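The values are calculated or read from the model by the stated rules, or taken from the named source; none is laboratory data. Computed from a predicted structure; not experimentally measured. Heads up, the Cβs are rebuilt from the backbone with ideal geometry, glycines too, and the neighbour counts pull from every protein chain shown.
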Amino acid sequence: MTNADGNGFSLSRLIGSRKLGLTLQQPFYNSPRIFELDMERIHLRHWQIAGHVSRLPRAGDYFLYSLGGESVVIVRDRDGEIHALLNVCRHRGSRICLEEKGSVKRFVCPYHSWTYGLDGSLMSARHMPEGFDRAEFPLHRCHVRVVEGLIFICLSESPPPFDSLARDISTLFSPHGWPAAKTCARISHVIRANWKLVAENFFECYHCLHTHPELTSVMSYVRAGESKRFGEELDRYTSRWKRDLCRTDHDPEPFQRPAGIQQHGGRRPIRPGYLTQSRTGRPLAPLMGDYDAYDGGVSSIMFFPIHWLVAGNDYGMATRFTPLSPQETEVELTWLVHPDAVEGVDYDPDEVTWLWLKTLEEDKEICENNQAGVNSRYYRPGPYSTAEETVDRFCQWYLEELGTSSGQ
Ligand code: FES
Ligand SMILES: [Fe+2]
C-alpha cells in the first residue's frame, strides 16, 4: 500500500514521516484500513496468549479464542497435549464449534457431520467418492507452545522466534507454580480505544501517580519515580530485600532487552511491610509454587505487541489484549492461585482481584479519553516524556513490523 488508498493517505509516507519521540499520527489510531493491516501484520503474525491451561483440565475440554476474524479451538487431547485448531470445516468451511467452551469426545461439524479427532484429524466423512483420502483434510492447525501454564499460539505459518522469550518467562515464573495453578477469576472489559493507545498506556507508568491511587498505595516504585526522597528510600529497601529477604534462586536483577519483542522483566520488592499486592500488604491466598515463605516480591515481564504477566508469592495475573475494531480492545485478566486453595476459605476473589481490576477500570477511562482526543481534527503527534521511553520504542517496533511486512 504505497499509494494513497481510500482513506486518503499513503502508508509508506505515513511511516516515513513519523518523528522519533512523538506519538503516532492520527490514522494509526483510528483508520479501519490500518487496523486491518495491524491484524494481518502484527497480531496474526506474532505469538499470542490464548489462555491458561487450567481452562482445559480434562481430555476433550476446549475453549474458543477469536482474533482478527479467526476462530481457534484450543483443545486438550487424550495424551494431554494441547492443540489450536482453526474452527473451519475442511468440507465446505462451516464453523464446527459453536459454543464458547465445552467438552467433547470428537468434533462433529453441524453442517454435514464430518467428524474430527481432538488433534484435528478427519475421522469420518460420509458418501465421499472413491479415492478420497481423509488424511488430506485435517483441520488447519496453529503453532502452540505452553510456557509456565500459559498457552501461546501463533496463527502465522512461519512464527517469529519464541525461545528467548520462553526462557525469560520460565526463569522468572517457574518458582510461581503456574502450570498447576487454578484460575481464581477471569474478567474482561472492552476498552473503547485503539489497541496501540491501550498498549502505550500499559507500557508506561507516567500516568500512574494521578490515575491509580490503589497501585500508588501498594507499589513503592510509583512514588519513587516522582520524588528523590522516595526514590532513595526504594533503592535502600531494594538492596536490603535482595540481600536478606528475596527467596528466589535466580538473579532478581531486572533486565531489559533492547531489541525484538521483549522489553522489561525482573523481580522486585513491593514496599516495606507488604508481603503481597493487597490493600494492606497482608497475604491473600496460600503460597504458590516453590515459595515456603512470603518474601514480599513480585515477578513481572512485559513484551510486544502487548503482553504483561505478574506474580507474587500467593497469586499471579496474566493479561490478554485482543483488538476488536479500530477503536475497541478487549482486555482479559486471569488471576491464578494455588491449585488446592478453596474459594471463601483460603481466598476471597474480590480481594485477590482488587488491585489489578481497579487499575484496569482506571486505565479504561483514561484510554477512552485518549481515543476521544486523538480523534479530534486538532490532534497532532505530541512529545513523549523521559518516563515513556518504552512507549517510543514500542512505536518504532510497531512501524518497523508494519513497514517490513509490506515489503517496503
Ligand atoms: S461444512 Fe462441515 S461437514 Fe459440510
Ligand atoms: Fe495504568
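Being under 19 Å from the mean Cα position of the chain (by Cα) and over 23 Å from Leu67 (Cβ atoms), is that true of even one residue in segment 385-392?
There is at least one residue in segment 385-392 that is under 19 Å from the mean Cα position of the chain (by Cα) and over 23 Å from Leu67 (Cβ atoms).
Among residues of segment 352-364 that are farther than 14 Å from Thr211 by Cβ, those with a beta-carbon under 8 Å from a residue that is more than 10 Å from ligand 2 (Cβ to nearest atom) and acidic (Asp, Glu) at least six positions away or on a different chain give the pairs Trp354/Glu214. If I filter segment 355-365 for residues that are surrounded by fewer than 21 Cβ atoms within 10 Å (Cβ to Cβ) and assigned to a strand (DSSP E or B), do I get at least one hit? No. Within segment 22-34, the set of residues being touching a residue at least 60 places away in the same chain (Cβ under 8 Å) and either in contact with an Asp or Glu (Cβ under 6 Å, 6 or more places away or on another chain) or assigned to a helix (DSSP H, G or I) (or both) comprises Gln26, Phe28, Tyr29, Asn30, Pro32, Ile34.
Here is a yes/no grid of residues against (1) farther than 17 Å from Cys142 by Cβ; (2) in contact with a strand residue (DSSP E or B) (Cβ under 9 Å, 6 or more places away or on another chain); (3) exposed (fewer than 15 other Cβ atoms within 10 Å of the Cβ):
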{"residue": "Asp61", "(1), (2), (3)": "yes, yes, no"}
{"residue": "Leu67", "(1), (2), (3)": "no, yes, no"}
{"residue": "Glu81", "(1), (2), (3)": "no, yes, yes"}
{"residue": "Leu85", "(1), (2), (3)": "no, yes, no"}
{"residue": "Lys101", "(1), (2), (3)": "yes, yes, yes"}
{"residue": "Val108", "(1), (2), (3)": "yes, yes, no"}
{"residue": "Tyr111", "(1), (2), (3)": "yes, no, yes"}
{"residue": "Trp114", "(1), (2), (3)": "yes, yes, no"}
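The residues on offer are Arg58, Arg33, Arg41, and the sole one that is under 19 Å from Asp119 (Cβ atoms) and not assigned by TED's automatic domain parsing to the domain that holds His307 is Arg58.
Selection of segment 77-98 for residues being more than 16 Å from ligand 1 (Cβ to nearest atom), under 26 Å from the mean Cα position of the chain (by Cα) and not aliphatic (A, V, I, L, M) yields Asp77, Gly80, Glu81, His83.
Selection of segment 69-79 for residues being surrounded by fewer than 20 Cβ atoms within 10 Å (Cβ to Cβ) and touching a His at 6+ places or on another chain (Cβ under 7 Å) yields only Asp77. Within segment 64-113, the set of residues being closer than 20 Å to Ser156 by Cα and either hydrophobic (A, V, I, L, M, F, W, C) or at pLDDT below 95 (or both) comprises Leu64, Leu67, Val72, Val73, Ile74, Val75, Ile82, Ala84, Leu85, Leu86, Val88, Cys89. Across segment 313-342, the qualifying residues are those that are among the β-branched types (Val, Ile, Thr) and in contact with a Leu (Cβ under 7 Å, 6 or more places away or on another chain), and the one among them that is nearest to Pro32 (Cα to Cα) is Thr322.
Scanning segment 308-331 for residues that are acidic (Asp, Glu) and under 13 Å from Leu360 (Cα atoms) yields one hit, Glu330. Among the residues of this structure, Leu399 does not count as one that is part of a helix (DSSP H, G or I), in the same structural domain as Phe304 (by TED's automatic domain parsing), touching a helix residue (DSSP H, G or I) at 6+ places or on another chain (Cβ under 9 Å) and of a type in the set (A, V, I, L, M). Any residue in segment 195-215 that is modelled with pLDDT under 95, in a helix (DSSP H, G or I) and closer than 21 Å to Asp295 by Cα? Yes, that holds for at least one residue. Among the residues of segment 102-119, some residue qualifies, meaning at least one is under 29 Å from the mean Cα position of the chain (by Cα) and within 13 Å of ligand 1 (Cβ to nearest atom). For segment 245-289, filtered to residues that are β-branched (Val, Ile, Thr) and modelled with pLDDT of 90 or more, the residue that is farthest from Met302 (Cα to Cα) is Thr280.
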